[in-house]
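Okay, structure first, notes after.
Computed from the coordinates by the stated procedures, all read-outs in this text should not be read as laboratory data. These numbers were taken from a predicted model, which means no experiment stands behind them. Backbone-built Cβ (ideal geometry, glycine too); neighbour counts: all protein chains shown.
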Amino acid sequence: MTIPNLITSIRIILAPIFVIYLINDRFLPALVVFVIAGLSDGADGLVARLFNQKSSVGTYLDPLADKILLIAAFIVLAARDFIPPWLTVVVISRDVLILLGVLILFLNKTDVTIRPSILSKITTCLQLASVFIVLCRVYYQALAQVSEAVFLVTGLFTVSSGLHYMRYWFRMMGEGSAEPP
């Protein structure tokens with residue numbers, strides 16, 4: 001096991017701890033765990049690049065860890081009325097769409113290159129920012145004023161990213177090859 005994959009595994013383990021804190025209205029510890037998970041996301045990639053420890057397992061594990069944390073956060077925060085349910089549905093629908101697209105390409109024996117687009121990276125950052133703002137606005141009420149705008153922008157980027165992946169898959173299936181998104 002490489003160090004980046006170990007760091008990513010720790011991020012996966014942090015997700016249920018984060019959820020438990022949220023369920024128990026312990027927002028400060030939840031925020032601390034969320035920040036640690038976010039920093040570990042950057043750390044695993046940095047270590048992988050600096051020490052040439054990129055791996056095929058890490059290619060799948062890293063985005064999976066992001067999805068586990070974000071989907072858990074959005075579900076709990078929507079159930080607790082901290083994030084609009086529509087945004088949670090959009091976020092989860094995009095992730096399901098991505099998984100289904102990869103599955104269809106796999107079943108069609110199409111060679112799939114997993115490499116997130118810049119649009120996808122921005123989307124993930126906005127989703128992380130949405131959760132971060134919700135966790136912080138418990139302590140800083142001024143953030144409540146910007147949270148709705150952040151939710152709208154996050155929703156727009158999430159939909160755009162999902163459509164971008166769909167376009168890529170349709171091109172791959174129609175033409176047999178396409179540049180990764």
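Laid out as a table, the results:
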| quantity | calculated |
| --- | --- |
| Convex hull volume per residue in cubic angstrom - Cα atoms of the stretch 80-162 | 88 Å³ |
| Burial ordering of ASP111, ASP95, fewest other beta-carbon atoms within 10 Å first | ASP111, ASP95 |
| The chain: radius of gyration over Cα atoms, expressed as a fraction of 2.2 N^0.38 Å | 1.07 |
| Part-to-part distance (alpha-carbon centres) for the stretch 62-80 and the stretch 100-178, which is given in Å | 13 Å |
| Helix-only CD estimate at 222 nm, as mean residue ellipticity for the chain, using -39500 (n - 2.57) per DSSP H run (n ≥ 4) | -28500 deg cm²/dmol |
| Charge sum, other residues only, whose C-beta stays under 14 Å from VAL91's C-beta, Lys/Arg counted +1 and Asp/Glu -1 | 0 |
| Mean separation of Cα contacts under 8 Å, 6 or more apart, over the residue count of the chain: relative contact order % | 22 percent |
| Theoretical gain in end-to-end length, ILE104 to ILE36 [0.36 nm per residue, Cα-Cα removed] | 21.0 nm |
